[in-house]
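Undergrad: Mind having a look at this structure? Questions to follow.
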Amino acid sequence: MKVVFLDRDGVINEFPGNGKYVTKLNEFRFVPGTLDALRILTEEGYMIYIVSNQAGVAKGIYSKQKLEHITRNMLRDIHSTGGKIKKVFYCTHFSHAGCECRKPEIGAIRKAFELANKTIDLAQRAFFVGDTESDILTGHNAGCTTIFVLSGREDRRHMRGWKIKPDYVARDLLEATDIINERNLLRSRRRKRRALTVKSIRRRSTRKAS
Ligand SMILES: [Mg+2]
Ligand SMILES: [Zn+2]
């Protein structure tokens with residue numbers, strides 16, 4: 001199962017600014033290249049999930065209905081350009097709520113695998129792409145390969161203070177997509193090589209036996 005988890009603000013759409021939220025449709029703007037990236041990942045057979053903290057709902061800055069409206073439009077644009085999102089997970093609770101769904105907790109990741117009838121240890125083969133330390137921590141907590149993108153809130157200078165460093169740094173989601181595809185290519189080559197080695201060992205041992 002090929003799986004990618006994506007943060008929303010700063011990865012898919014332009015970061016709205018510190019302490020700010022996307023509260024209406026015209027504040028939602030795709031980061032350039034994002035729609036291409038989502039189409040490529042979809043064509044490559046990835047299950048794509050969005051995992052996003054939207055505490056602005058708990059704070060009463062925008063309603064759940066507004067958030068859903070923005071999401072519907074986002075998904076329509078993604079679908080019309082050949083991308084497919086398996087599911088969008090939002091945490092709409094306060095940061096102090098102590099819920100399982102707010103990053104860096106991994107409630108959403110657990111749920112995604114549960115819904116696919118898979119075990120959470122498959123997260124080790126998944127990727128988590130985000131623009132903040134909290135995203136990288138989330139991916140790390142679940143055992144995913146993490147990719148920090150510079151298209152959002154934080155940059156390389158912020159990264160120096162992080163306890164957990166990302167596995168990769170990319171300019172944006174489009175570049176992260178290249179990294180993901182390359183990583184998977186290497187993995188499948190390694191798998192093939194291993195399969196060949198096993199075969200040749202078997203051949204050798206049967207020759208010895210005869
Ligand atoms: Mg973000
Ligand atoms: Zn929550």
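Undergrad: Any chance you could count how many residues in region 166-210 are at pLDDT 95 or above and part of a loop (DSSP other than H, G, I, E, B)?
TA: 4
Undergrad: Taking the condition under 26 Å from PRO16 (Cα atoms), part of a strand (DSSP E or B) and in contact (Cβ under 8 Å) with a residue 40 or more places away in the chain, does PHE148 pass?
TA: When the stated conditions are applied, PHE148 does not pass them.
Undergrad: Next question, about the same structure. I'd like to verify a number: residues in region 10-60 that are within 16 Å of ligand 2 (Cβ to nearest atom) and touching a Gly at 6+ places or on another chain (Cβ under 9 Å), how many?
TA: Residues that pass the stated criteria total 2.
Undergrad: Sticking with this structure for a sec: Could you say which residue among LEU41, LEU6 is surrounded by 22 or more Cβ atoms within 10 Å (Cβ to Cβ), closer than 19 Å to LYS103 by Cβ and at pLDDT 95 or above?
TA: Result: LEU6 is the single residue among LEU41, LEU6 that is surrounded by 22 or more Cβ atoms within 10 Å (Cβ to Cβ), closer than 19 Å to LYS103 by Cβ and at pLDDT 95 or above.
Undergrad: Run down GLY82, GLY19 and say which single residue is at pLDDT 95 or above, surrounded by fewer than 18 Cβ atoms within 10 Å (Cβ to Cβ) and not aliphatic (A, V, I, L, M).
TA: Sole residue among the options that is at pLDDT 95 or above, surrounded by fewer than 18 Cβ atoms within 10 Å (Cβ to Cβ) and not aliphatic (A, V, I, L, M): GLY82.
Undergrad: Can PHE127 be described as hydrophobic (A, V, I, L, M, F, W, C) and in contact (Cβ under 8 Å) with a residue 60 or more places away in the chain?
TA: yes
Undergrad: Answer yes if at least one residue in region 155-165 is within 16 Å of ligand 1 (Cβ to nearest atom), at pLDDT below 95, of a type in the set (Asp, Glu) and more than 12 Å from the chain's Cα centre (by Cα), and no otherwise.
TA: Within region 155-165 (the criterion being within 16 Å of ligand 1 (Cβ to nearest atom), at pLDDT below 95, of a type in the set (Asp, Glu) and more than 12 Å from the chain's Cα centre (by Cα)), the answer is yes, since at least one residue qualifies.
Undergrad: What is the one condition in (1) surrounded by fewer than 15 Cβ atoms within 10 Å (Cβ to Cβ); (2) small (Gly, Ala, Ser); (3) on the phi > 0 side of the Ramachandran plot that SER95 does not satisfy?
TA: (3)
The values are calculated or read from the model by the stated rules, or taken from the named source; none is laboratory data. What you see is a predicted model; the values in this text were computed from it and never measured. We place every Cβ from the backbone using ideal geometry, glycine too, and count neighbours over all the protein chains shown.
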